[in-house]
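Chemist: Supplied in structure tokens, the structure appears directly below.
The values are calculated or read from the model by the stated rules, or taken from the named source; none is laboratory data. Source: prediction; values computed, not measured. Neighbour counts are summed over all protein chains in view; Cβ atoms, including those assigned to glycine, are modelled from backbone coordinates with ideal geometry.
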Amino acid sequence: MTSNFDLLIVGAGPSGSFAAELLAKADVRVALFDGRPEGEPKPCGGGVTAKALKAWPQLLGAIGRTINELDLYSPSGKKLHLELDEPFAIYSRVVFDSYLRDRARDAGATVVPDRVSARKTKPVDSGWKLFTDRGTEYRGRILIGAEGANSGIAKMLAGPLPPSDMEVAFGYRAPLPASGEAPTVVAFLPRWVGYAWAFPRPDHVSFGIATTQDAFEHQPLDDLLWRFMITYYQQRDDSQIRFWKESNGSEKIESELRATSERYAARIPGLADKTWETRTVCGQNWALLGDAAGFADPVTGEGIYYALRSAELLAECYLNGSLEEYETRWREDFGAELRRAAQMRRRFYGNFWGAPFTERMIEFAKGHRGVRRVLGDLIAGEQGYVDLRRKLLRSAMRPL
Ligand SMILES: Cc1cc2nc3c(=O)[nH]c(=O)nc-3n(C[C@H](O)[C@H](O)[C@H](O)COP(=O)(O)OP(=O)(O)OC[C@H]3O[C@@H](n4cnc5c(N)ncnc54)[C@H](O)[C@@H]3O)c2cc1C
């Protein structure tokens, strides 16, 4: 049996589901495919910026945790406690993704809980035909690749990305601390590009490290993350927590954590400067969204905002009858900013005045309210990279 649709959207993460919802609401016939087993989360910190929550307040309908304060640690362990003017949210990805997928279904999209084989997806006269792993054939005029960083459709239509355009993130989902205190922590790594995080969710804590694929060294980074996690559970109230050092009395915590935590790992696109210029994510009858397109912040790995925004832009272009305009729209909307982030990545994790830039940034922020405000805006998603360094410096130079 063959089913015919206007659009075939492969992948029901935030990008695919949101595009399906917007299009189905406008009476477009959409099929949305995803083969992820029920209850299996997409590996992710689940942090959604204030900018995204303001743009799409309906996201607050998903049950998450609101974060009003955050502890930032420099590579040497200096702590900065930030009260956020604009809170962000942390979601379990099972909850967040199901919420968006249900909205797409309620809007009228046909949700097919099966994987699609990119290899067997072919152009036909009327558009595209694809097969699910159950062997069912579907046809549609337009094909949308929204199946994440390992997208087979993106490889087929836009070409593969080299390892230098990828970041790696891995971590553990672990129980909430028995004390009930679960601070939200971001700690910049010593020696490596990237950071570790502890993001408490309603029923567990997501720990992880994000770094570049080029520089990925599995064992030392895993050891580093374990020290970070153990120190987190020790809950020492001091402003110089040495997250990266061995500490006493950690054996019991470690053995409990090893027995209860679940490991995950995945790639995040982190496109290099040049790739932003050359990447094409849309053609006459196809387009890519979110991670499949490469749309994540190369400095932080944040991708949910760009997944949702790309979905919105694509839906607008399709409904205006000009799908190919999507290429211009995403570049104007957030492409320049992400390209700037790619240019900044080396400097952000590089040295500045004889120490890591992130070390200096936290030192300055401890003494300057203005620098703290700029950092708060960065976390909220409201501060771009184009003028970040200038703003930080200007705030640091101002009298206290
Ligand atoms: C460890 C980690 C932590 C992160 N933390 C954050 C964070 O805190 N905040 C943030 O903003 N971003 C974060 N990101 C990035 C964020 O997860 C992505 O940018 C975002 O999920 C992209 O959404 P998407 O819809 O494009 O793709 P995805 O969320 O990857 O969704 C793709 C969907 O496609 C499905 N799929 C895959 N292959 C097929 C197939 N062949 N057929 C059918 N379906 C398929 C998958 O099951 C999946 O549901 C993190 C990423 C990682 C790896």
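Chemist: Is it the case that some residue within region 42-60 is away from the ligand (no atom under 15 Å from the Cβ) and in contact with an Asp or Glu (Cβ under 8 Å, 6 or more places away or on another chain)? Steps first, answer last, please.
Modeler: Taking region 42-60 first, the residues away from the ligand (no atom under 15 Å from the Cβ) are 57-58, 60.
When the remaining residues are screened for being in contact with an Asp or Glu (Cβ under 8 Å, 6 or more places away or on another chain), the result is none.
No, because not a single residue in region 42-60 is away from the ligand (no atom under 15 Å from the Cβ) and in contact with an Asp or Glu (Cβ under 8 Å, 6 or more places away or on another chain).
Chemist: Still on this structure: Please work out which one of (1) closer than 22 Å to Val193 by Cβ; (2) at pLDDT 80 or above is the condition Val386 fails and give its number.
Modeler: Every listed condition holds for Val386 apart from (2).
Chemist: Out of Gly194, Gly148, Gly140, which single residue is under 22 Å from Ile379 (Cβ atoms), touching a residue at least 60 places away in the same chain (Cβ under 8 Å) and within 15 Å of the ligand (Cβ to nearest atom)?
Modeler: Values: Gly148 fails: under 22 Å from Ile379 (Cβ atoms); Gly140 fails: under 22 Å from Ile379 (Cβ atoms).
Checking each option against the conditions leaves just Gly194.
Chemist: From the residues in region 40-73 that are touching a strand residue (DSSP E or B) at 6+ places or on another chain (Cβ under 6 Å) and part of a loop (DSSP other than H, G, I, E, B), which one is nearest to Val185 (Cα to Cα)?
Modeler: Here the answer is Gly45.
Chemist: Quick check, is Ala169 in contact with a helix residue (DSSP H, G or I) (Cβ under 9 Å, 6 or more places away or on another chain) and closer than 30 Å to Ala259 by Cβ? Walk me through it before giving the result.
Modeler: On the way: in contact with a helix residue (DSSP H, G or I) (Cβ under 9 Å, 6 or more places away or on another chain): no; closer than 30 Å to Ala259 by Cβ: yes.
In short, no.
Chemist: Now, a different point. From the list Gly321, Gly354, Gly335, exactly one residue is within 16 Å of the ligand (Cβ to nearest atom) and surrounded by fewer than 21 Cβ atoms within 10 Å (Cβ to Cβ). Which is it?
Modeler: On the way: Gly321 fails: within 16 Å of the ligand (Cβ to nearest atom); Gly354 fails: within 16 Å of the ligand (Cβ to nearest atom).
Sole residue among the options that is within 16 Å of the ligand (Cβ to nearest atom) and surrounded by fewer than 21 Cβ atoms within 10 Å (Cβ to Cβ): Gly335.
Chemist: Just checking, does region 124-131 include any residue being buried (at least 17 other Cβ atoms within 10 Å of the Cβ), small (Gly, Ala, Ser) and within 23 Å of Cys282 (Cβ to Cβ)?
Modeler: yes
Chemist: Moving on to the next point. State which residue is surrounded by the fewest Cβ atoms within 10 Å (Cβ to Cβ) when the search covers only region 256-294 and only residues that are hydroxyl-bearing (Ser, Thr, Tyr) and either more than 15 Å from the ligand (Cβ to nearest atom) or in a strand (DSSP E or B) (or both). Break it down into steps so the answer makes sense when it comes.
Modeler: Narrowing region 256-294 to residues hydroxyl-bearing (Ser, Thr, Tyr): 260-261, 264, 275, 278, 280.
Adding the requirement that they be either more than 15 Å from the ligand (Cβ to nearest atom) or in a strand (DSSP E or B) (or both) leaves 260, 264, 275, 278, 280.
Details: Thr260: 12, Tyr264: 18, Thr275: 18, Thr278: 9, Thr280: 11.
Per the stated criteria, the residue is Thr278.
Chemist: Moving to a separate point now. Answer yes or no as to whether Glu181 is assigned to a loop (DSSP other than H, G, I, E, B) and within 13 Å of the ligand (Cβ to nearest atom). Steps first, please.
Modeler: Working: assigned to a loop (DSSP other than H, G, I, E, B): yes; within 13 Å of the ligand (Cβ to nearest atom): no.
Criteria not met by Glu181.
Chemist: Any residue at all in region 295-307 that is crowded, with 22+ Cβ neighbours inside 10 Å, more than 10 Å from the ligand (Cβ to nearest atom) and at pLDDT below 95?
Modeler: Yes, the conditions are met somewhere in region 295-307.
Chemist: Sort through Gly301, Gly321 and tell me the only one that's in contact (Cβ under 8 Å) with a residue 40 or more places away in the chain, at positive phi and of a type in the set (Gly, Ala, Ser). Steps first, please.
Modeler: Numbers: Gly321 fails: in contact (Cβ under 8 Å) with a residue 40 or more places away in the chain.
Residue meeting the stated conditions: Gly301.
Chemist: Something else: Give region 204-223 a look and list any residue that's outside any strand (DSSP E or B) and out of contact with any Ser or Thr (no Cβ under 7 Å at 6 or more places or on another chain), or say none. Before you say what the answer is, go through the steps one by one.
Modeler: Kept after step one, since they are outside any strand (DSSP E or B), are these residues of region 204-223: 204, 213-223.
Listed by number, the residues that qualify are His204, Gln213, Ala215, Phe216, Glu217, His218, Gln219, Pro220, Asp222, Asp223.
Chemist: Here is a follow-up. May I ask you to verify whether Phe33 is buried (at least 18 other Cβ atoms within 10 Å of the Cβ), in contact with a helix residue (DSSP H, G or I) (Cβ under 6 Å, 6 or more places away or on another chain) and under 18 Å from Arg105 (Cα atoms)? Let's see the steps before the verdict.
Modeler: On the way: buried (at least 18 other Cβ atoms within 10 Å of the Cβ): yes; in contact with a helix residue (DSSP H, G or I) (Cβ under 6 Å, 6 or more places away or on another chain): no; under 18 Å from Arg105 (Cα atoms): yes.
Against the criterion (buried (at least 18 other Cβ atoms within 10 Å of the Cβ), in contact with a helix residue (DSSP H, G or I) (Cβ under 6 Å, 6 or more places away or on another chain) and under 18 Å from Arg105 (Cα atoms)), Phe33 does not qualify.
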